[in-house]
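Down below is the structure, laid out as structure tokens.
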Amino acid sequence: MKLTTHTDYALRLLIFLGVRADDEPATVPAAARHYGISNHHLAKVSQTLVQLGYLVSVRGRGGGLKLARPSDEIAIGPLVRETENLELLECFGANSTCPIDPACRLKGVLFEAQQAFLSVLDRYVLADLIENRQTLRLLLGEPE
């Protein structure tokens with residue numbers, strides 16, 4: 001399976017905010033700069049994460065983004081389910097036009113594989129991804 005850039009950036013932003021030394025908000029441009037990714041795309045991702053309740057947006061001077069809850073309460077599996085289109089094939093949707101859909105076993109095999117993938121992600125929370133917080137902070141150039 002390949003995750004979309006949107007989910008990739010969502011996970012990166014959560015990691016960036018999770019490894020910060022303080023509880024002060026961080027800006028999207030700061031996170032984008034540390035990762036060397038598009039500020040514009042990361043801003044869209046941050047809006048999604050605020051809407052889904054993973055982040056809070058702090059307005060005004062000194063504002064930015066913060067985790068909405070502790071890192072040990074941010075589950076990775078549900079986040080991926082909320083940010084990904086999990087229809088691996090056209091036949092996973094309600095409007096399948098495949099003529100062999102009623103008898104196709106491939107669909108079942110791929111669904112089983114997808115569930116195994118998601119069940120592994122369900123075992124992890126953000127805190128697991130940032131256990132090596134100090135190393136991540138160094139690699140990100142000490143996120144401000």
Checklist entry - Residue-wise, which Karplus ³J(HN,Hα) couplings in Hz belong to segment 105-121, taking 6.51 cos²θ - 1.76 cosθ + 1.60, θ = phi - 60°, and x for glycine or proline? => result 8, 4, 4, x, 5, 5, 5, 4, 5, 4, 5, 5, 4, 5, 5, 5, 4
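Probe of 1.4 angstrom, ligands and nucleic acids ignored: what's the accessible area per residue over the chain, in square angstrom?
Values: 8590 Å² over 144 residues.
Here the residues of the chain average 60 Å² of exposed surface.
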Checklist entry - How far is it, in nm, from the label point at Glu90 to the one at Gln51 when both lie 7 Å from their Cα along the line to the Cβ? => result 2.7
Item to check | Isotropic mean projected area of the C-alpha convex hull, segment 44-125 (nm²) | outcome: 7.0
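Above 22 Å lies some portion of the pair distances; for segment 1-84, what is it as a whole percent of all C-alpha pairs?
When every Cα pair of segment 1-84 is considered, 17 percent fall beyond 22 Å.
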Checklist entry - Against the longest principal axis of the chain, how steep is helix 5-18, in degrees 0 to 90 to the nearest 10, with axes from Cα atoms? => result 40
Next on the checklist: In 5 Å bins starting at zero, report the fraction of Cα pairs in the chain per bin as a rounded %.
Outcome noted: 2, 9, 17, 19, 17, 12, 8, 6, 5, 3, 1, 0
Checklist outcome for this item: Note: probe point = Cα of Gln115 + 7 Å toward Cβ; backbone nitrogen < 19 Å; residues of segment 1-22 passing the test are 1
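Would you mind computing Rg(Cα) / (2.2 N^0.38 Å) for segment 72-120, counting N as its residues? Numbers along the way, then the final one.
Details: Rg = 13.2 Å, N = 49, 2.2 N^0.38 = 9.7 Å.
Ratio of Rg to 2.2 N^0.38 Å for segment 72-120: 1.37.
Can you give the FRET efficiency to the nearest 0.05 for Thr135 and Ala21, using r as the Cβ-Cβ distance and R₀ = 22 Å? Provide the component values of the computation, followed by the final result.
Working: r = 13 Å, r/R0 = 0.61.
With R0 = 22 Å, the Cβ-Cβ based efficiency is 0.95.
In terms of solvent-accessible area of protein heavy atoms at a 1.4 angstrom probe, what is the ranking of Lys44, Lys2, Lys107, highest value first? Each step should come with its number before you reach the end.
On the way: Lys44 105, Lys2 175, Lys107 60 Å².
Largest accessible area first, the list is Lys2, Lys44, Lys107.
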Item to check | Phi-based couplings in Hz for segment 37-44 (Karplus 6.51, -1.76, 1.60; Gly and Pro marked x) | outcome: 10, 5, 4, 4, 5, 5, 5, 5
Checklist entry - Under the Karplus relation 6.51 cos²θ - 1.76 cosθ + 1.60, θ = phi - 60°, what is the ordered set of whole-Hz ³J(HN,Hα) values for segment 125-137, x standing for Gly and Pro? => result 10, 4, 4, 5, 6, 10, 4, 8, 3, 5, 5, 4, 4
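The values are calculated or read from the model by the stated rules, or taken from the named source; none is laboratory data. If you're wondering where the values come from, they're calculated on a predicted model, not measured in any experiment. Don't worry about glycine lacking a Cβ; one is built from the backbone with ideal geometry, like all the others, and counts go over all protein chains shown. Side chains included, ligands, DNA and RNA excluded: accessible areas come from the protein's heavy atoms. Shrake-Rupley method; radii C 1.70, N 1.55, O 1.52, S 1.80 Å.
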